[in-house]
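Q: Attaching a single structure in structure tokens format; questions to follow.
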Amino acid sequence: RDDREREDARNRAEVADAQEQKKESIRQRRLDGGSRFNVRFRDSLPASMLTPAGLQAVLADYVTFERADGAPLLAGMPTTAAAAPGASLPRKGMTTAEMEALLGAAVDSTERKEGALTVITRRYRSGAGRIAAEFVEDVLIRYSITSE
């Protein structure tokens, strides 16, 4: 009985050590993983958010956007929505007409049925690469961009 109790005590100590090591490992992974912000908007994305300055303004309470020497972290980045890298990219919810106004006429178009819905896939060329866009009832539901 004494041997069994000693063995149980050793086992409990090993379990406690393993649990503590696991907690420490999780703490370290969290530190190494960095931070992430999910910025959400009730309606549509405001044009001001297409610039680094706009995003910085929203996150200013949580993040310092300057280097140790005091210089802006995103120096040299575009500051207007028109010059922002994502300004000429599609967004879900666009209509076919909006997409064509943004990227021009589609290179080709295919149609398929998904249950009762008709999905139209249109392909475009842009400075960002080739864009494949899927529309249901004239609304963009999904797109992908591949480099050329």
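Q: Tell me the accessible surface of V107 in square angstrom (1.4 angstrom probe, heavy atoms of protein chains only), to the nearest ten.
A: 90
Q: Enumerate the calculated ³J(HN,Hα) couplings along region 42-56 in order (Karplus 6.51 cos²θ - 1.76 cosθ + 1.60, θ = phi - 60°), each rounded to whole Hz, writing x wherever the residue is Gly or Pro.
A: Per-residue couplings from phi come out as 4, 9, 9, 6, x, 4, 5, 7, 7, 10, x, 4, x, 5, 4 Hz.
Q: What is the calculated FRET efficiency for D138 to L45, with r their C-beta to C-beta distance and R₀ = 30 Å, to the nearest 0.05?
A: Numbers: r = 20 Å, r/R0 = 0.68.
Once rounded, the FRET efficiency stands at 0.90.
Q: To continue, here is another question. Tell me which of S109, I131, I120 sits at the most positive position along the dipole axis of region 92-148, charges placed on C-beta atoms (Lys, Arg +1; Asp, Glu -1).
A: I131
Q: A further question on this structure: Using a cut-off of 21 Å between alpha-carbon atoms, which lysines can reach K92, once sequence neighbours fewer than 8 places away in the same chain are excluded?
A: K113
The values are calculated or read from the model by the stated rules, or taken from the named source; none is laboratory data. Predicted model, so just to flag it, every value in this text is computed and none were measured. Cβ: placed from backbone, ideal geometry, glycine included. Neighbour counts: every protein chain shown. Surface accessibility is based on the protein's heavy atoms, side chains included, excluding ligands, DNA and RNA. Shrake-Rupley method; radii C 1.70, N 1.55, O 1.52, S 1.80 Å.
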